[in-house]
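A quick write-up on the structure given underneath.
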Amino acid sequence: MRANFIFSEVWIGLRRNLTMTIAVIITVAVGMAMLGVGLMINTQVSMMKDFWYDKVEISVFLCNKGSAIPACKGKAITAEQTKALQDQIKQLPGVKKDGVFYENQAEAYKNFQQSYASNKALVDATKVEDMPTSFRIKLVDPDNYQPVIQAVEGQPGVSQVTNHKDLIGNFFDMLDTLRWGALVVAVVLVLAAALLIGNTVRLSAYNRRRETGIMRLVGASNLYIQLPFVMEGMIAGLIGGVVAAVFLILAKVFIFEELARYLAIGSQLGWDSVASVIMGTLGIGVVICVLASFITLRRYLRV
């Protein structure tokens, strides 16, 4: 097999179908970039879930004097009720040993100031006595929170019980929707790229039908005839994958790096994950292009 002939045929095919080749490259680039972003979002969501999983708590808010919550009836919880509730919570199955923490009004106000530091008007309008006291409960299994909540709700002096997993769960659901949306769009674009590749190979084979006919008459093997067309698809896929890699690097710098400013250390997407996604999408792009070229050519030439 003469390598010079193969590469010359590849160059001729790419040059004759330049517009279609550019369309294939762009489609592959966009499809692989969307697939890569979906995978990066998937990795980021998984890292955030793993990071926050052990930090999920249940907050049991206690009644303050004059509270408008019906369960409190305007009365504050007494010291005896607070002590009894704390002992009860510690004995509940599923609660971590030394996993019950009491937060008084001063501590609650300090945390409130830190959380809403950007809203100075709200902080200035809020006083220490407005803050509710609470218990923070750490669980052995954050997924098994219902028994603890059911045991605490309705107890004397309890105004409200909040599961932190429910609060961050909505955020994770939104990210999951975004992830699956990106993956669906990517699959559609990848299928469009495969169809474009098939059309490009079919057009290239038609333009060179005389050359391929002569090659078959002189006894050229199937591989020898098919290889230039398959290499055209592979080159288009490789270039599209490289362009997609550039898009993914830009997404990491301008999107995920900005997002990392608001995430806790240890839950941020690293460059090693981005490199793995780039290598994966590059390989997928090339494989899809090669398969689309091979299948289309086999059906068209009947060799």
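Bear in mind that the values in this text are calculations on the coordinates, not laboratory data. This structure is a prediction, so every number in the text was calculated from the model and none was measured. Positions of Cβ are generated from backbone atoms using ideal geometry, with glycine treated the same way; all protein chains shown enter the neighbour counts.
Before moving on, here are some points about what is shown:
- All lysines inside 16 Å of LYS120 as judged from Cα atoms, apart from same-chain residues fewer than 8 positions distant: LYS110
- Fewest-first ranking of TRP271, TRP180, TRP52, using other Cβ atoms within 10 Å as the exposure measure: TRP271, TRP180, TRP52
- Of all lysines in the structure, those lying under 23 Å Cα to Cα from LYS75, and not within fewer than 8 positions of it along the same chain, are LYS65, LYS83, LYS127.
- At R0 = 25 Å, FRET efficiency that the Cβ-Cβ distance of GLN81 and PHE51 yields, to 0.05: 0.10
- From least to most packed, judged by other beta carbons within 10 angstrom and beginning with the fewest, SER276, SER118 follow the order SER118, SER276.
- Placing +1 on the Cβ of every Lys and Arg and -1 on the Cβ of every Asp and Glu, with nothing else charged, gives the stretch 40-153 a dipole about its Cα centre of roughly 200 debye.
- With neighbours defined as other Cβ atoms within 10 Å of a residue's Cβ, the residues PHE135, PHE171, PHE112, PHE229 order from fewest to most as PHE171, PHE112, PHE135, PHE229.
- Listed by chain and number, the aspartates and glutamates whose alpha-carbon sits under 20 Å from that of LYS138, ignoring those within fewer than 8 places in the same chain, are ASP50, ASP54, GLU57, ASP87, ASP98, GLU103, GLU107, GLU153, ASP166.
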